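Just below is one structure, and these are the notes that go with it.
The values are calculated or read from the model by the stated rules, or taken from the named source; none is laboratory data. Quick caveat, the model's predicted, so the values are computed rather than measured. Cβ sites come from the backbone with ideal geometry, for glycine too, and all protein chains shown count toward neighbours.
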Amino acid sequence: MTNYQIGMTEAELVQSCLAKDRLAQKKLYDKYKKAMYTLAYRITGDFEEANDVLQDAFVKVFRGLSSFRAESTLGAWIKTIVVRTAYSHLRKDKKFFESVDDLPPGAQVDWGHYLDAEYLEKAILSLPDGYRTVFTLVEVEGYSHKEVAALLGISEGTSKSQLFYSKKRLREILKDEV
């Protein structure tokens with residue numbers, strides 16, 4: 001076994017990638033590709049587009065690796081690039097955010113206890129792009145509305161309203177299942 005398989009720190013991996021070491025680059029890609037593909041798919045809702053996002057994002061990762069400052073984990077930095085790349089793909093030819101009224105204060109959603117995971121995943125993927133992206137970032141990935149706003153270049157209010165309306169739409173889709 002080489003040091004690419006065991007014992008290599010994140011900093012060493014980054015330095016090896018910066019030195020154009022192809023084995024290190026492959027290790028970095030292999031380490032993150034599954035999680036980042038899953039995230040890209042959850043945002044785009046399309047397998048082929050998720051592949052395109054993953055490819056474009058990793059090109060950006062390798063081109064921008066010298067700007068990685070280790071202020072967060074490498075995985076978090078790559079996740080940010082994947083989210084922004086997926087968002088950019090969605091915005092190319094579509095109206096991304098639906099027009100909505102202000103979010104009612106204190107709105108909560110009860111998801112029930114007996115949803116089939118596959119059915120729920122399909123319901124989430126059926127949401128409009130803006131709803132699905134914000135829902136995925138907040139409810140699945142754990143981002144705050146402030147983080148989503150900064151990541152997508154929208155207001156916190158837009159993030160909150162998109163989440164509220166995504167949950168409302170999911171309730172409508174899932175009402176027969178709960």
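Quick rundown of the values:
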quantity: Residue list for segment 128-146, restricted to those being β-branched (Val, Ile, Thr) and surrounded by 21 or more Cβ atoms within 10 Å (Cβ to Cβ); calculated: THR133, VAL134, THR136
quantity: Cβ-Cβ under 7 Å pairs, at least 6 apart or on other chains, segment 56-77 side assigned by TED's automatic domain parsing to the domain that holds THR44, far side at pLDDT 90 or above and not in a helix (DSSP H, G or I); calculated: LEU74/PHE68; TRP77/PHE68
quantity: Per-region count, segment 147-178, residues within 19 Å of the chain's Cα centre (by Cα), farther than 21 Å from ILE78 by Cβ and surrounded by fewer than 13 Cβ atoms within 10 Å (Cβ to Cβ); calculated: 1
quantity: GLU118 being modelled with pLDDT of 85 or more and not assigned by TED's automatic domain parsing to the domain that holds THR80; calculated: no
quantity: Every residue from segment 46-64 that is buried (at least 20 other Cβ atoms within 10 Å of the Cβ) and of a type outside the set (Val, Ile, Thr); calculated: ALA50, LEU54, ALA57, PHE58
